[in-house]
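Below: one structure, written as structure tokens.
The values are calculated or read from the model by the stated rules, or taken from the named source; none is laboratory data. Quantities reported herein were computed from a predicted structural model and do not represent experimental measurements. All Cβ positions, glycine included, derive from the backbone under ideal geometry; neighbour counts span all protein chains shown. Surface accessibility is based on the protein's heavy atoms, side chains included, excluding ligands, DNA and RNA. Shrake-Rupley method; radii C 1.70, N 1.55, O 1.52, S 1.80 Å.
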Number of protein chains: 2
Amino acid sequence: MARAGVTAERLTQAAADLADEIGFQNVTVSALARGFGVKPAALYFHIRDARDLRVRLAALALTELADRAAAALAGRAGKDALVAFANAYREYAKEHPGRYAAAQVEIDPGGPAAVPARRHAEMTRAILRGYDLPEPDQTDAVRMLHSTFHGYVSLETAGGFSHHPREADASWRRTLDALDSVLRNWPPA
Amino acid sequence: MARAGVTAERLTQAAADLADEIGFQNVTVSALARGFGVKPAALYFHIRDARDLRVRLAALALTELADRAAAALAGRAGKDALVAFANAYREYAKEHPGRYAAAQVEIDPGGPAAVPARRHAEMTRAILRGYDLPEPDQTDAVRMLHSTFHGYVSLETAGGFSHHPREADASWRRTLDALDSVLRNWPPA
DNA sequence: TCGCCCGCTTACAGCTTTTAAGTATTTGCA
DNA sequence: TGCAAATACTTAAAAGCTGTAAGCGGGCGA
């Protein structure tokens with residue numbers, strides 16, 4: 001029988017696509033193996049275990065997210081940068097719900113997902129360049145931004161906003177207005 | 001053999017405690033049955049399936065969260081109310097990580113978790129009484145608040161803030177300052 | 001006291017992860 | 001070219017999970 005040509009990279013890619021299709025929680029070693037037409041045991045020659053697969057998937061998602069963020073931020077500053085970053089973030093989560101969910105797994109600071117995670121964090125910090133905040137306010141603001149973006153997308157995905165007539169898009173835009181406003185007028189300690 | 005006295009309520013309570021101990025994702029019908037000293041199959045006479053158990057757990061957590069929010073808001077207004085609510089929210093998530101995770105499951109609007117979910121949403125809206133925002137800004141602000149609280153707690157729990165010397169507590173307080181500030185100066189459309 | 005129902009057990013099917021051992025294919029080197 | 005070693009995959013199997021079906025027995029109502 002011909003070999004299937006499975007590699008860790010192709011597994012991770014396939015797992016990402018599968019996650020977007022059927023949900024991150026439903027990505028199993030077995031389902032992945034079926035997609036490649038091999039037995040589940042075959043995958044263990046390429047990945048250590050299911051957890052390893054999830055970490056690789058998280059790294060993939062964080063890398064893609066950082067790439068999009070970088071593209072959105074290029075040549076922009078101030079509110080332009082904030083809005084472009086935020087929209088890139090939200091659109092990624094909507095286009096790739098499975099990947100986005102994968103990016104939220106707990107990240108081992110020494111592990112292979114730590115690098116793209118750090119890069120993603122640096123992108124978020126770059127939003128603030130135009131706002132000129134001193135430390136430690138800058139760190140506080142980065143955390144607030146990240147929290148708001150992640151919280152909004154996460155609640156929206158879970159259907160938290162769907163039972164009120166107000167459009168989620170409209171609230172999102174106004175939330176970004178509010179964030180821009182508070183960054184420009186950051187309260188004194 | 002003596003009967004174990006299993007009921008749906010006791011199962012849900014035990015599941016909540018178990019979730020806080022070993023994590024929401026690790027709460028299984030089997031593990032729960034072990035805790036009651038019965039076989040897994042016995043539980044299916046009290047709950048429909050594993051999903052049903054998770055929904056009941058979510059309802060429990062949302063009810064407790066709404067209770068805490070109500071207690072925090074009682075007799076407070078403006079920033080006092082905002083800070084009290086936010087701290088109650090964050091403390092609940094820290095004390096009961098498993099319950100908190102359960103509260104984030106996707107909620108069927110017609111299901112039994114919809115009632116406590118709505119109550120929780122109303123509590124969040126009550127924060128804004130002191131800020132006097134007209135609709136639809138009020139809805140937008142509620143969504144922003146909820147997003148920020150949930151996002152912050154969720155990222156903090158996942159260890160997202162642990163690799164920077166700045167204390168997560170300090171950033172939290174400053175984030176609340178910023179939210180108060182932006183609610184008092186809500187940007188015009 | 002009798003009988004029935006309810007709460008549990010056993011048994012089982014089918015799914016998952018993961019390890020171990022065996023087989024076949026491909027690669028690299030002489 | 002041909003052989004040996006490394007690699008990719010298979011089968012087999014253990015252990016745990018969800019969920020269904022059938023059976024048993026204790027306690028409650030009549």
In whole Å, what is the distance between the alpha-carbon centres of region A:56-86 and region B:1-61?
42
Which residues among region B:142-182 fall inside the zone where the amide N is under 18 Å from a point 7 Å beyond the Cα of residue A:118, along Cα→Cβ?
B:159-166
Separation of the residue B:132 and residue A:2 label points, Cα + 7 Å toward Cβ, nm:
7.5
In region A:54-184, if the dipole is taken from +1 on Lys/Arg beta carbons and -1 on Asp/Glu beta carbons about the Cα centre, which of A:175, A:109, A:157 is farthest to the positive end?
A:157
For a test of the definition: using alpha carbon positions, the gyration tensor, and the 1.5 limit on a/c, classify the protein assembly as shown as rounded, prolate or oblate.
oblate
Placing unit charges on C-beta atoms (Lys and Arg positive, Asp and Glu negative, everything else neutral), compute the dipole magnitude of chain A about its Cα centre in debye, rounded to 20.
420
Exposure rank, largest accessible area first [A:39, A:94, B:79; 1.4 Å]:
A:39, A:94, B:79
Filter chain A for me: DSSP H helices, axial length by Cα at least 15 angstrom, mean Kyte-Doolittle hydropathy not below 0.5. List them by residue number.
A:50-73
Interface size B-A, as summed buried accessible area [1.4 Å probe, Å², nearest 100]
3200
Just to confirm the numbers: residue B:75, label point 7 angstrom along the Cα-Cβ line, distances to the other copies in nm, shortest first?
5.9
Using a 1.4 Å probe and ignoring any ligands, DNA or RNA, find the accessible area of residue A:154 and quote it in Å² to the nearest 10.
30
With +1 at each Lys and Arg Cβ and -1 at each Asp and Glu Cβ, the charge dipole magnitude of region B:98-180 around its Cα centre, to the nearest 20 debye, comes out at 220
Can you compute log10 of I(q)/I(0) for region A:84-150 with the Debye formula, treating each Cα as one identical point scatterer, at q = 0.15, 0.16, 0.17, 0.20 Å⁻¹?
-0.54, -0.62, -0.69, -0.92
In nm, give the distance between the simple-model label positions of residue A:52 and residue B:17, each being 7 Å from the Cα along the Cα-to-Cβ direction.
3.8
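Across every pair of different alpha-carbon atoms, what Kirkwood hydrodynamic radius in Å does region B:21-116 reach?
14.8
Report the Rg/Rh value for region B:54-184, based on alpha-carbon coordinates and the Kirkwood definition of Rh.
Numbers: Rg = 14.6 Å, Rh = 15.2 Å.
Across region B:54-184, the Cα-based Rg/Rh ratio is 0.96.
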Measuring from its Cα centre, the protein assembly as shown shows a charge dipole (+1 at each Lys and Arg Cβ, -1 at each Asp and Glu Cβ) which, in debye to the nearest 20, is 760
Surface per residue (accessible, 1.4 Å probe) for chain A, Å²
48
Let me check the size of region A:33-83 from its C-alpha atoms; what are the radius of gyration and Dmax in Å?
17.8, 52
Once neighbouring chains are kept in place and the probe is 1.4 Å, which whole percent of the accessible area of region B:49-189 is contributed by carbon and sulfur?
52
